[in-house]
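The values are calculated or read from the model by the stated rules, or taken from the named source; none is laboratory data. Predicted model only: the values in this text are computed from it and were never measured. Neighbour counts are summed over all protein chains in view; Cβ atoms, including those assigned to glycine, are modelled from backbone coordinates with ideal geometry.
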């Protein structure tokens, strides 16, 4: 099967993207699926499979592909999926903002746009707090988060990844993003599982923030996390925050 060059380029670009978050990855995939629906509609199932394989840690690609393949109008289904995903993010942030207490210290890992929005929402409500941002090597996403927080006049401190256990006792809360959530656990940047285990031992609550499109369908068998990601078992989490509110890991 020789794909149209624009479709193949889109798949290749998606596979090589190691910087964008799940929302941006989903938008790229939706664009490829809309193009494929116009040019090679009969190949849509195989193209959807290739997109999921290109970023196996990203649950939105699984849910996006299923929505598109089940629709009579694949292009409209892709657009609707992205609209729901984008509108859900601020709702997650509002729920998570309520977890942040005035005068507290929050620790986070990597750069989750949803965590950033939650901290913005908490700050806008009048809450004043400090954020410990792990550097998150090799891409240093945590340093980028700290810079973004500084622009919002939120106190953010970059800490070395190797020193996270030394800094954890200062925190009263850990907030992390997620690329996928399933019964097996939460997939996020490598180092998340270590932080969650250490925080659990110190009785510091850890919450995963994600829109519901990042929750994998029960009948989907997720692959093992690929390079750069790890799996945090759900029992190390105090809860999962979605647009519908805060749920305990068993539910």
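Among strands (runs of 3 or more DSSP E) entirely within the stretch 149-209, having at least 3 residues that are touching a strand residue (DSSP E or B) at 6+ places or on another chain (Cβ under 7 Å) and farther than 13 Å from residue 131 by Cβ singles out 185-189, 206-209. Criterion applied to 211, 232 was being buried (at least 21 other Cβ atoms within 10 Å of the Cβ) and either at positive phi or touching a residue at least 60 places away in the same chain (Cβ under 8 Å) (or both), and the one residue passing it is 211. Put simply, of 122, 77 the only residue that is surrounded by fewer than 23 Cβ atoms within 10 Å (Cβ to Cβ), out of contact with any strand residue (DSSP E or B) (no Cβ under 6 Å at 6 or more places or on another chain), part of a helix (DSSP H, G or I) and at pLDDT 95 or above is 77.
Within the stretch 51-74, restricting attention to residues that are in contact with a helix residue (DSSP H, G or I) (Cβ under 7 Å, 6 or more places away or on another chain) and surrounded by fewer than 18 Cβ atoms within 10 Å (Cβ to Cβ), the residue that is nearest to residue 9 (Cα to Cα) is 69.
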